[in-house]
Amino acid sequence: MMKGQILEQEEKPEMARDSFNQGLKKCPTSISLWLLLSRLEERTGALIKARSVLEKARLRNPKCPELWLEAVRVEIRGGLKDIAQTLMAKAMQECPGSGILWAEAIFMEARPQRKTKSVDALKRCEHDSHVLLAVSKLFWSERKTTKAREWFTRIVKIDPDLGDAWAYFYKFEMLHGTEEQQDEVRKGCVNAEPHHGEHWCSVSKNIQNWRKKTLEILVLAANAVPIPV
């Protein structure tokens, strides 16, 4: 996996592909390897191959929400929202209690339907940190800053190891909070030393950032996360 990632950063996609494929022969249950191979195919313009990789991955690893989520996002990035919606419906049937799928589903809805979807998500996954983060972002997108701040505060207490929650919270406070509120998030994040989260890991595991401390990662991750719309 690491060899493939290094080769990809060196812009050697064919060699990276070989590394990922070799890894998958020995470790077909490694979800990370399947995702890396699919994203490599997508980045090199091979959307059909990316789909095929994810289909094989789901056959080898049934009921895996991460693989379903990636399949949905591949179609969204390709501008094929109808196919993405169909895949999300199948994903929900196979993994009905998945927080990451419910969190994604909220923002796949048109604005008027998002609140209803978020209520459904909270019923299904009341304490799931990904759902709580999605609801925080929903309040932010609706300019309900007090509510958003309450939910961000709640999630970093429930799951302080989720770096994405800190990154979004910090970006939110940088735009809407006081210096004191921003400092509170910075201190909280440094004390928590988070290690998980899609955006957080993409920054923290980047070779260029290997010496950076938690606060520096927080600033970079906050810059990387999109403002919810």
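The values are calculated or read from the model by the stated rules, or taken from the named source; none is laboratory data. Please read all numbers here as calculations on a predicted model, not as lab measurements. For neighbour counting, all protein chains shown are included, and Cβ atoms are generated from backbone atoms with ideal geometry for every residue, glycine included. To get the accessible areas, we keep the full protein, side chains included, count just its heavy atoms, and leave off ligands, DNA and RNA. Shrake-Rupley method; radii C 1.70, N 1.55, O 1.52, S 1.80 Å.
When you check Leu7 against the structure, is it under 21 Å from Gly197 (Cα atoms) and either polar (S, T, N, Q) or open to solvent by less than 60 Å² (accessible area, probe 1.4 Å) (or both), yes or no? When the stated conditions are applied, Leu7 does not pass them.
Might you let me know whether segment 107-120 holds any residue that is of a type in the set (A, V, I, L, M, F, W, C), surrounded by 19 or more Cβ atoms within 10 Å (Cβ to Cβ) and either within 14 Å of the chain's Cα centre (by Cα) or at pLDDT 95 or above (or both)? Within segment 107-120, not a single residue is of a type in the set (A, V, I, L, M, F, W, C), surrounded by 19 or more Cβ atoms within 10 Å (Cβ to Cβ) and either within 14 Å of the chain's Cα centre (by Cα) or at pLDDT 95 or above (or both).
Residue pairs whose Cβ atoms lie under 8 Å apart, separated by 6 or more positions or on different chains, with the first residue in segment 85-111 and at positive phi and the second surrounded by fewer than 21 Cβ atoms within 10 Å (Cβ to Cβ) and part of a helix (DSSP H, G or I), do not occur. Just one residue in the set Asp159, Asp164 is within 25 Å of Cys125 (Cα to Cα), acidic (Asp, Glu), in contact (Cβ under 8 Å) with a residue 60 or more places away in the chain and open to solvent by less than 70 Å² (accessible area, probe 1.4 Å); that residue is Asp164. Filtered by the rule that a residue be open to solvent by 70 Å² or more (accessible area, probe 1.4 Å), among the charged types (D, E, K, R) and either touching a residue at least 12 places away in the same chain (Cβ under 8 Å) or assigned to a loop (DSSP other than H, G, I, E, B) (or both), segment 167-193 gives a lone residue, Glu193. Can you confirm whether segment 205-219 contains a residue that is in a helix (DSSP H, G or I), within 20 Å of Leu132 (Cα to Cα) and at pLDDT 95 or above? Scanning segment 205-219, I find at least one residue that is in a helix (DSSP H, G or I), within 20 Å of Leu132 (Cα to Cα) and at pLDDT 95 or above, so the answer is yes. Highlighted here are the helices (runs of 4 or more DSSP H) found entirely within segment 69-148 that include at least 3 residues which are among the basic types (Lys, Arg): 111-124. Checked against the criterion of being open to solvent by 70 Å² or more (accessible area, probe 1.4 Å), modelled with pLDDT of 95 or more and within 17 Å of Glu198 (Cβ to Cβ), segment 60-67 has at least one qualifying residue.
Quickly run through segment 60-106 and pick out the residues that are over 28 Å from Thr44 (Cβ atoms) and touching a His at 6+ places or on another chain (Cβ under 9 Å). Across segment 60-106, the qualifying residues are Ser98, Gly99, Trp102, Ala103.
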